[in-house]
1. Sort through A:E38, A:E145 and tell me the only one that's under 30 Å from B:R155 (Cβ atoms) and within 13 Å of DNA strand C (Cβ to nearest atom).
2. Provide a single number: the residues in region B:137-148 that are within 7 Å of chain A (Cβ to nearest Cβ), within 28 Å of B:M51 (Cα to Cα) and not hydrophobic (A, V, I, L, M, F, W, C).
3. Which residue out of B:G129, B:G151 is within 7 Å of chain A (Cβ to nearest Cβ) and part of a helix (DSSP H, G or I)?
4. Against the condition at the interface with chain B (Cβ under 10 Å from one of its Cβ atoms) and of a type in the set (K, R), how does A:R100 come out, does it pass?
5. Looking at A:E94, A:E22, which is the one that is closer than 30 Å to B:V147 by Cα and more than 10 Å from DNA strand C (Cβ to nearest atom)?
6. Only one of B:E38, B:E102, B:E22 is out of contact with any helix residue (DSSP H, G or I) (no Cβ under 9 Å at 6 or more places or on another chain), modelled with pLDDT of 95 or more and surrounded by fewer than 20 Cβ atoms within 10 Å (Cβ to Cβ). Can you tell me which?
7. Answer yes if at least one residue in region B:103-115 is at negative phi and part of a helix (DSSP H, G or I), and no otherwise.
8. Within region B:86-99, is there a residue that is away from DNA strand D (no atom under 15 Å from the Cβ) and touching a helix residue (DSSP H, G or I) at 6+ places or on another chain (Cβ under 8 Å)?
Protein chains: 2
Amino acid sequence: MGFMGNMGTGGDMAEPRWLTDEEQHVWRAYLHATTLLEDHLDRQLQRDAGMPHVYYGLLVQLSQAPRRRLRMTELARSAKITRSRLSHAVARLEKNGWVRRENCPSDKRGQFAQLTDEGMEVLRRNAPGHVTAVRQAMFDRLSPEQVTQLGAIMRVMAAGLEPQDADADLPWLR
Amino acid sequence: MGFMGNMGTGGDMAEPRWLTDEEQHVWRAYLHATTLLEDHLDRQLQRDAGMPHVYYGLLVQLSQAPRRRLRMTELARSAKITRSRLSHAVARLEKNGWVRRENCPSDKRGQFAQLTDEGMEVLRRNAPGHVTAVRQAMFDRLSPEQVTQLGAIMRVMAAGLEPQDADADLPWLR
DNA sequence: GGCTCATTCTTGAAAGTTGAACTATGTAGG
DNA sequence: CCTACATAGTTCAACTTTCAAGAATGAGCC
């Protein structure tokens, strides 16, 4: 008996639609691939750049923002992490000298996280290795069609999980 | 200037093949979708079952094993986590009464992790909610073709990241 | 047996994450 | 102005994960 596929009826609980055999296999493959990849990138970046993948992603976001800085909330939103987590992360990156905090003049509650030159340099040094790792794990293994398919699939999933869609199944609240 | 796409040449460092525009978008979508989904499942299970997604996965693995038990190393391998992490996790699950440790008679170093009846019951209670969450996030949003495509893609990626493939690009070592 | 090396699993400390509580500031309405 | 509530960001404690080190057993070889 499984806990994703059909367990048979008989319980007094509402029966969901269990996963088909194919769906179970896809789900398992998804879990394996995503956890292996995230672990792989975490180790690669921890070894080469001295920070986990999420932190590296924060630096990348900042590097692409105007004046290389973003409000904390904005950065948290675009990196898909909580503000609490970001506070800790930025504190650590600041200690490394890769990010600097700045007060927001127009809103005294606000803070900017700004990428320092040193942070930019860390990014420059590690970008080649990181891109290579991503390529070897994903793009060099997939056909062009698969890359396109993956993009479409991931966009659909991400759209369904965006916070603002939390009430998407509660239309009567709108 | 980006750190995944072409940054232009001119550095003294070996230039990797940067990501194309489409690859960058796919990569971004992949990161968003996977982190949003993992966060979503973590919160759902933490709220309903009182444990993170990885721990729930351990119970699922055990529930499908003969006699509902597995050697620690085997469980770690199938769940794609380190033995250290598993040790801590099982300690916690044991404290909850959901897993029990047993000595392996044929190898005195070995330990079995065995799912308790209580653990089985937790699984039973939470399986419907969990499957529903997975379904809403993934299978109910994708076409049958996309599900098949996703399976193929994830299998390719997972295969390339399996530990034993660490030397896959070093054929002269074999 | 005894040596060496591999394997299994655990441990402890440091690092990272979470969720709730908290401070401070902004905003809307009387 | 004042109250009430919302938003921005931080902090604390509890929890989880990682990495390196360690204890115990197994396996091969002389």
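The values are calculated or read from the model by the stated rules, or taken from the named source; none is laboratory data. Keep in mind it's a predicted model, so treat the numbers as computed, not measured. Cβ coordinates were reconstructed from backbone atoms using ideal geometry, including for glycine residues, and neighbour counts include every protein chain displayed.
1. Values: A:E145 fails: within 13 Å of DNA strand C (Cβ to nearest atom).
Residue meeting the stated conditions: A:E38.
2. Residues meeting the conditions: 1.
3. Details: B:G129 fails: within 7 Å of chain A (Cβ to nearest Cβ).
Selected residue: B:G151, the only one of B:G129, B:G151 that is within 7 Å of chain A (Cβ to nearest Cβ) and part of a helix (DSSP H, G or I).
4. Values: at the interface with chain B (Cβ under 10 Å from one of its Cβ atoms): no; of a type in the set (K, R): yes.
For A:R100, the condition - at the interface with chain B (Cβ under 10 Å from one of its Cβ atoms) and of a type in the set (K, R) - is not met.
5. On the way: A:E94 fails: closer than 30 Å to B:V147 by Cα.
None of the others qualify; the one that does is A:E22.
6. Working: B:E38 fails: out of contact with any helix residue (DSSP H, G or I) (no Cβ under 9 Å at 6 or more places or on another chain); B:E22 fails: out of contact with any helix residue (DSSP H, G or I) (no Cβ under 9 Å at 6 or more places or on another chain).
The conditions single out B:E102.
7. Checked against the condition, which is being at negative phi and part of a helix (DSSP H, G or I), region B:103-115 yields no hits at all.
8. Just the residues of region B:86-99 that are away from DNA strand D (no atom under 15 Å from the Cβ), to begin with: none.
No, region B:86-99 contains no residue that is away from DNA strand D (no atom under 15 Å from the Cβ) and touching a helix residue (DSSP H, G or I) at 6+ places or on another chain (Cβ under 8 Å).
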